[in-house]
1. For the structure I just gave you, tell me whether residue 97 is among the aromatic types (Phe, Trp, Tyr) and touching a residue at least 60 places away in the same chain (Cβ under 8 Å).
2. Only one of 107, 121, 86 is farther than 30 Å from residue 187 by Cα, of a type in the set (Val, Ile, Thr), exposed (fewer than 15 other Cβ atoms within 10 Å of the Cβ) and not assigned by TED's automatic domain parsing to the domain that holds residue 187. Can you tell me which?
3. In the range 67-81, what count of residues is obtained for those that are surrounded by fewer than 17 Cβ atoms within 10 Å (Cβ to Cβ) and not in a loop (DSSP other than H, G, I, E, B)?
4. Quick one: in the range 51-66, of everything that is within 13 Å of residue 88 (Cα to Cα) and not hydrophobic (A, V, I, L, M, F, W, C), which residue is surrounded by the most Cβ atoms within 10 Å (Cβ to Cβ)?
5. Right, residue 198: in contact with a Lys or Arg (Cβ under 7 Å, 6 or more places away or on another chain), within 30 Å of residue 115 (Cβ to Cβ), modelled with pLDDT under 90 and not in a loop (DSSP other than H, G, I, E, B) or not?
6. For residue 65, are the conditions met, namely being among the polar types (S, T, N, Q), out of contact with any Asp or Glu (no Cβ under 9 Å at 6 or more places or on another chain) and not assigned by TED's automatic domain parsing to the domain that holds residue 148?
7. Of 142, 124, 172, which residue is in contact with a Ser or Thr (Cβ under 6 Å, 6 or more places away or on another chain) and modelled with pLDDT of 85 or more?
8. How many residues are over 30 Å from residue 131 (Cα atoms) and assigned to a helix (DSSP H, G or I) when one looks only at the range 155-193?
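The values are calculated or read from the model by the stated rules, or taken from the named source; none is laboratory data. Everything numeric in this text was worked out from a predicted model, so none of it was measured. Don't worry about glycine lacking a Cβ; one is built from the backbone with ideal geometry, like all the others, and counts go over all protein chains shown.
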Amino acid sequence: MKTQERKAIVAGALKPGKSFKLNMRSLLLTFALMLVSLPGFAHCDSYDGPVIKDALKALDKNNVQLVLKWIEPQQEKEIISLFDKTYRLKKGDKQVYSIVEKHFLETLVRLHRETEGAPYTGLKPAGSTTPLVVMADNSIAKNDVGEVINTVTTHLEQVLRDRYATVAKLGKTKDESVEQGRAYVHAYVQYTHTLEALEHILHGDISH
């Protein structure tokens, strides 16, 4: 989602005259649509993620074009050269090819992570992807984002309601003792930081 489009949705959600419930629903909907684009939620380093799936398909079909979309133009030379070397060994010794193939996958994922501004921490086994990202992939396969939106908005709304309720409750006794005051501060930080994180997502320039 482009920054201007995101800000337009947010502005509409915050427009005076709308009910609080409608405003919150709009904000949560925007959050759901953008959440899985965050680098922190990426699964490009997993064997069941799209990068490695495309890489294995490329090696199977001898078509390096299938993986170039995951990297920047200035990285293509390195990947094309390594791809050619890897493919030439495909029908040779299986143990040697396994090592070379893994090196190719690691290099591709590392370079892709660089485009995200994220560190490379190694390849992850299949099944290590978080449930929300699995849901995101399924929504793309099914051409239906409804389940993602419903799950994220329902969960986030409940989190906000619970944290607000805790702050409201502890606020009534925050001045009665230091311990009660600290309990209130902890709850206050949890509640406000959740909203600050949401605001950053809504107004920040998120890219993949």
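1. For residue 97, the condition - among the aromatic types (Phe, Trp, Tyr) and touching a residue at least 60 places away in the same chain (Cβ under 8 Å) - is not met.
2. Numbers: 107 fails: exposed (fewer than 15 other Cβ atoms within 10 Å of the Cβ); 86 fails: exposed (fewer than 15 other Cβ atoms within 10 Å of the Cβ).
One residue alone meets the criteria, 121.
3. First, pick out the residues of the range 67-81 that are surrounded by fewer than 17 Cβ atoms within 10 Å (Cβ to Cβ): 69, 72-74, 76-78, 80-81.
Imposing the further condition that a residue be not in a loop (DSSP other than H, G, I, E, B) reduces the set to 73-74, 76-78, 80-81.
So the answer is 7.
4. Looking at residues that are within 13 Å of residue 88 (Cα to Cα) and not hydrophobic (A, V, I, L, M, F, W, C), I get 63.
5. So residue 198 does not fit the description; no.
6. On the way: among the polar types (S, T, N, Q): yes; out of contact with any Asp or Glu (no Cβ under 9 Å at 6 or more places or on another chain): yes; not assigned by TED's automatic domain parsing to the domain that holds residue 148: yes.
Taking the combined requirement at face value, the residue satisfies it.
7. Details: 142 fails: in contact with a Ser or Thr (Cβ under 6 Å, 6 or more places away or on another chain); 172 fails: in contact with a Ser or Thr (Cβ under 6 Å, 6 or more places away or on another chain).
Exactly one of 142, 124, 172 is in contact with a Ser or Thr (Cβ under 6 Å, 6 or more places away or on another chain) and modelled with pLDDT of 85 or more, namely 124.
8. Residues of the range 155-193 over 30 Å from residue 131 (Cα atoms): 168-185.
From what is left, the residues that are assigned to a helix (DSSP H, G or I) are 168-171, 178-185.
Qualifying residue count for the region: 12.
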